[in-house]
1. Just to be sure I understand the filter: pairs with C-beta atoms under 9 Å, separated by 6 or more residues or on different chains, first member in region 76-87 and closer than 15 Å to Asp128 by Cβ and modelled with pLDDT of 95 or more, second member of a type in the set (A, V, I, L, M) and in a loop (DSSP other than H, G, I, E, B). Which pairs pass?
2. Taking the stated definitions as given, is Gly71 in contact with a Gly (Cβ under 6 Å, 6 or more places away or on another chain) and among the small types (Gly, Ala, Ser)?
3. Which number in (1) more than 28 Å from Leu122 (Cα to Cα); (2) loosely packed, with under 15 Cβ neighbours inside 10 Å; (3) aliphatic (A, V, I, L, M) marks the one condition that Ala14 misses?
4. Name the pairs: first residue in region 24-44 and without any contact (Cβ under 8 Å) to a residue 40 or more places away in the chain and closer than 20 Å to Ser101 by Cβ, second residue in a loop (DSSP other than H, G, I, E, B) and of a type in the set (S, T, N, Q), Cβ to Cβ under 9 Å, at least 6 apart or on different chains?
5. Name the pairs: first residue in region 110-122 and farther than 13 Å from Ala7 by Cβ and in contact (Cβ under 8 Å) with a residue 12 or more places away in the chain, second residue of a type in the set (D, E, K, R) and surrounded by fewer than 22 Cβ atoms within 10 Å (Cβ to Cβ), Cβ to Cβ under 7 Å, at least 6 apart or on different chains?
6. Could you identify the single residue in Ala63, Ala115, Ala106, Ala84 that is touching a helix residue (DSSP H, G or I) at 6+ places or on another chain (Cβ under 8 Å) and farther than 20 Å from Arg23 by Cα?
Amino acid sequence: MRIIEWALRVSLSAGFLSAVADRFGWWPEGISVWGNWTNFVDYTQTLLPFFPNSWMPVIGGMATLGEVLLGISLLVPFKTELVAKCSGVLLLLFGISMAISVHVKAPLDYSVFTASAAAFALGWIVSDN
């Protein structure tokens, strides 16, 4: 069971931290989704069209901070159940926003619901230990 726990920790953490790296332009242009902060903020507006555009840098910043904190916290075996559940909720919110604002195909293509389920599974696994 320990290998499954660590596989979930590392894969979820890598997903969060890779997305953060992308929005700061740390991935090569040819493989980036956003490639820079401006494109990421624009995408955030796409997912949350009911919020004023002026709020997008703050909302994007909060999402980014959350992803960094969760991504790092997943690698540290402290409060894992809470961190995993928070990760699951954040990913589920991302997936729902994508499904509503873009199309249900978007979170399916990016396996957002699968990642959310994996985070909840991690929380369940560590709660049994």
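1. Listed pairs, sorted by first residue: Thr80/Leu74; Ala84/Leu74.
2. Working: in contact with a Gly (Cβ under 6 Å, 6 or more places away or on another chain): no; among the small types (Gly, Ala, Ser): yes.
Spelling it out, it is not the case that Gly71 is in contact with a Gly (Cβ under 6 Å, 6 or more places away or on another chain) and among the small types (Gly, Ala, Ser).
3. So the condition that Ala14 fails would be (1).
4. Correct list of pairs: Asn39/Ser32.
5. As it stands, the answer is Phe120/Lys85, since those pairs meet every condition given.
6. On the way: Ala63 fails: farther than 20 Å from Arg23 by Cα; Ala115 fails: farther than 20 Å from Arg23 by Cα; Ala106 fails: farther than 20 Å from Arg23 by Cα.
Exactly one residue qualifies, and that residue is Ala84.
The values are calculated or read from the model by the stated rules, or taken from the named source; none is laboratory data. From a predicted model like this one, the values you see are computed outputs, not experimental measurements. Virtual Cβ from ideal backbone geometry, glycine too; neighbours counted across all protein chains shown.
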